[in-house]
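Let me begin by presenting the structure, written as C-alpha cells, before commenting on it.
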Amino acid sequence: MKAIIPAAGLGTRFLPATKCTPKEMLPVLNKPVIQYVAEEALAPEEVDGVVIVTSPGKPELLSFFQPDRSLETLLRERGKEAYADAVAEAGSMPVDFRYQYEPRGLGHAIRSAADACASEPFLVLLGDYVVPSKSILPKMIEVSEAHSGASVIAVAPCSPEEVSRYGVIGGTRIGALPGCEDVADTEPGAVWRVSGTVEKPAPEDAPSNLYIVGRYLLSPRVMDLLQTQEPGAGGEVQLTDALERSLDQEVMYAVVIDPLEGLDTGTPSGWIAANALMAAEDPELAPAFWEAVDARGGLKRPEAE
Ligand code: G1P
C-alpha cells in the first residue's frame, strides 16, 4: 500500500520564510516537517512507499530525499557518524514524487498520484499535521481490517463555529476500538459508520461536529471517483466530495481520535508551539532548551491588557 502526502501548496501563511523554502522543509527540531510525515506513513508494515505530490517549483523536496554520498563521506571522514547516518537515512527512504502542475485542490493533488497506487487501497496524510507518536494510522488500519478493507478516516470533535474550516462527517456511532467501549460517541476510540461528508459547511448545515483531521485510508474506488470529480468548495477539486460520492457504492468508517495526538504545524503559531512542546521533551534538546528558558525566568504568559 502506498501513502500519498500532498505537498504542492504555496505556504502563504509562512511568508516570507516560504519565499525560498517550501513550508514542508521548515524544521521541527532538527528535521523538516515532511520527514516526520513520511516516517509516520512508513511505520505500518502494510505501507511500502510514500508518494509526495509536489509542484515543479519545489526541487528542495526531491533533493532532500535523494542520497548525498559526498556529504555523507565528508561527515564520516570527519568522524561525525551520527550526522552522516542522519543524511543517509533521509536519502534512503522509499519516497517517490508526482507533480501537480496547477493548484486545483486537494482532490486534484491526490489524483495526480493515481498511477502510483496500482488500484490498491491507499493512505493520505496531510502534511501540516505531525503525529510524533505515529499513533493514528494503526487505529485506522485496525478498523479497516475489521470491516473487510473499507475506507476509514480519522475525525475529531470541534466547536460548532469551527466546522466551516474543515471537512465534516455525518453518520452513526457503531462501535469502538478495543478497550474504548465505554467512551462517548465523540470521544477518542469511538467508531462511526459515515453517511455523508461535507467540505467547509456553514455551522447550520454541518451534519455533526466531527471534522476530518487529515489522515485517510481509502479504497481504490475513491481514486476512481476523483478522476471525474468536479470542483466544489472554493472552486477546488475536493477529496471530501469524492468521499461523499463513494458512499453510494461502498461503506466508509470514521474513527474518533484525540486531535492532541498530533501537532498542527501549518501556521506560524502552531509550528512554534510544536517546536517548543517537542523540544521540552526531547532527550537531547530538553536540557539546553530548559536552561535557555530558565535563564530568562521561565515561560510566563504576559498579562492581558
Ligand atoms: C483539508 C480538507 C478538509 C480537512 C482539512 C484538515 O482542508 O479538505 O476536509 O478537514 O484539510 O486539515 P484544507 O485545510 O486544505 O482547507
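Would you check which residues across region 1-20 are among the β-branched types (V, I, T) and touching a residue at least 24 places away in the same chain (Cβ under 8 Å) and list them?
Residues satisfying the conditions are I4, I5.
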Before we move on, is K23 in contact with a Cys (Cβ under 9 Å, 6 or more places away or on another chain) and either touching a residue at least 12 places away in the same chain (Cβ under 8 Å) or exposed (fewer than 12 other Cβ atoms within 10 Å of the Cβ) (or both)? no
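Conditions tested, residue by residue: (1) among the β-branched types (V, I, T); (2) within 16 Å of the ligand (Cβ to nearest atom); (3) open to solvent by 70 Å² or more (accessible area, probe 1.4 Å).
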position	(1), (2), (3)
E142	no, no, yes
G175	no, no, no
G179	no, no, yes
V183	yes, no, no
How many of the residues in region 154-173 are more than 13 Å from the ligand (Cβ to nearest atom), in contact (Cβ under 8 Å) with a residue 40 or more places away in the chain and among the charged types (D, E, K, R)? 1
Scan region 105-117 residue by residue and report those that are part of a helix (DSSP H, G or I) and farther than 19 Å from G9 by Cβ. A114, D115, A116
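Report yes if some residue within region 237-245 is more than 22 Å from the chain's Cα centre (by Cα) and under 26 Å from M140 (Cα atoms); otherwise report no. Spell out the reasoning first.
Going residue by residue through region 237-245, those that are more than 22 Å from the chain's Cα centre (by Cα) are 245.
When the remaining residues are screened for being under 26 Å from M140 (Cα atoms), the result is 245.
Yes, the conditions are met somewhere in region 237-245.
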So V95 clears everything in (1) touching a residue at least 40 places away in the same chain (Cβ under 8 Å); (2) under 30 Å from K139 (Cβ atoms); (3) in contact with an Asp or Glu (Cβ under 9 Å, 6 or more places away or on another chain) except one condition, right? Which one? (3)
Can you report the number of residues in region 223-248 which are more than 13 Å from the ligand (Cβ to nearest atom) and either open to solvent by less than 10 Å² (accessible area, probe 1.4 Å) or not basic (K, R) (or both)? 9
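Those residues that are aliphatic (A, V, I, L, M) and either crowded, with 22+ Cβ neighbours inside 10 Å or in contact with a Cys (Cβ under 8 Å, 6 or more places away or on another chain) (or both), I need them from region 26-60; list them, please. Walk me through it before giving the result.
First, the residues of region 26-60 that are aliphatic (A, V, I, L, M): 26, 28-29, 33-34, 37-38, 41-43, 47, 50-53.
Correct list: V33, I34, V37, A38, A41, V50, V51, I52, V53.
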Taking region 31-65, which residues are touching a residue at least 12 places away in the same chain (Cβ under 8 Å) and of a type in the set (S, T, N, Q)? Q35, T54, S55
Taking the condition of being crowded, with 20+ Cβ neighbours inside 10 Å and at positive phi, how many residues in region 185-222 meet it? 1
Qualifying position, being among the polar types (S, T, N, Q), within 16 Å of the ligand (Cβ to nearest atom) and within 23 Å of G262 (Cα to Cα), among S112, S151: S151
Residue ID - nearest to E72 (Cα to Cα), chosen from residues in region 98-139 that are among the hydrophobic types (A, V, I, L, M, F, W, C) and open to solvent by 40 Å² or more (accessible area, probe 1.4 Å): L126
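Residue by residue through region 260-282, note down the ones that are part of a helix (DSSP H, G or I), within 15 Å of the ligand (Cβ to nearest atom) and either surrounded by fewer than 18 Cβ atoms within 10 Å (Cβ to Cβ) or acidic (D, E) (or both). Quick ask: steps written out before the conclusion?
If we filter region 260-282 for residues that are part of a helix (DSSP H, G or I), which is where we start, we get 260-261, 268-281.
Now restrict to residues that are within 15 Å of the ligand (Cβ to nearest atom): 260-261, 270-271, 274.
Listed by number, the residues that qualify are L260, E261, G270.
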Can you tell me which condition G91 does not meet? The list is (1) more than 16 Å from F122 (Cβ to Cβ); (2) open to solvent by 20 Å² or more (accessible area, probe 1.4 Å), and all the others hold. (2)
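The values are calculated or read from the model by the stated rules, or taken from the named source; none is laboratory data. No experiment lies behind these values; they were computed from the predicted model shown. Neighbour counts run over all protein chains shown; Cβ positions are idealised from the backbone, glycine included. To get the accessible areas, we keep the full protein, side chains included, count just its heavy atoms, and leave off ligands, DNA and RNA. Shrake-Rupley method; radii C 1.70, N 1.55, O 1.52, S 1.80 Å.
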